[in-house]
Amino acid sequence: AQSVTQLGSHVSVSEGALVLLRCNYSSSVPPYLFWYVQYPNQGLQLLLKYTSAATLVKGINGFEAEFKKSETSFHLTKPSAHMSDAAEYFCAIQRGVTGGGNKLTFGTGTQLKVEL
Amino acid sequence: DSGVTQTPKHLITATGQRVTLRCSPRSGDLSVYWYQQSLDQGLQFLIQYYNGEERAKGNILERFSAQQFPDLHSELNLSSLELGDSALYFCASSAYLGTGEGYTFGSGTRLTVV
């Protein structure tokens, strides 16, 4: 079975500071990994994905994540936080093999708060 | 607007009742997924349909059922509702079978069972 663990259910940063949201994965096969963002009263929006090409993945809104197999991690970062980044962030994992029925399994989420 | 349309946005119903949630996938997408989001369980995968056929099943209760129609819209039926079924139900879609694609999510249906 595959799973992701998000460390820290709540993270608070100052505007302009580095954002670091942690995600560690567990998988018996090469995984595909995703980060989603959920704003209040909205659905989830894909930020970025890792599908075994480049290990450093750039996404929307200035976010990026690095796949580190040795550390089984896929942490999300942004150099400078903006007030509009306040939202809940979900890491998700999928079996990295072709075929159907490869569901996305989500972590428990990290609520990001950005303070002035 | 993500392109995935879910109706209704809000639903309040009594215990023991049955409701139907509807989802129209993004144009051209063949797969539809249903997820349940609650405070205690987080985001739980329920079921996936691809071009009208069930492709994967998750933690879906026997009281719940789903189907995907020829026009690719999908419905999630919840029956004999219990208080614990109160949650946000998301539909998502992807172009094909979903591996490596990432899903496009709708804005959800908030179900409240009283």
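Coordinate-derived values only; no laboratory data. The structure displayed is predicted, hence computed values, not measured ones. All Cβ positions, even for glycine, are placed from backbone atoms using ideal geometry, and neighbour counts span all protein chains on display.
Would you say residue A:52 is more than 23 Å from residue A:2 (Cβ to Cβ) and of a type in the set (Ser, Thr, Tyr)? Against the criterion (more than 23 Å from residue A:2 (Cβ to Cβ) and of a type in the set (Ser, Thr, Tyr)), residue A:52 does not qualify. Applying the set (1) touching a residue at least 60 places away in the same chain (Cβ under 8 Å); (2) within 10 Å of chain A (Cβ to nearest Cβ) to residue B:111 leaves exactly one unmet item: (2). Summed over the range A:62-116, residues that are β-branched (Val, Ile, Thr), over 24 Å from residue B:90 (Cα atoms) and either touching a strand residue (DSSP E or B) at 6+ places or on another chain (Cβ under 9 Å) or in contact (Cβ under 8 Å) with a residue 12 or more places away in the chain (or both) total 4. Applying the condition of being loosely packed, with under 12 Cβ neighbours inside 10 Å and of a type in the set (Val, Ile, Thr) to the range A:14-60 and asking which residue is nearest to the chain's Cα centre (by Cα) yields A:60. For the range A:64-91, a residue qualifies if it is among the aliphatic types (A, V, I, L, M) and under 17 Å from residue A:39 (Cα atoms), and the qualifying residues are A:76, A:81, A:83, A:86, A:87.
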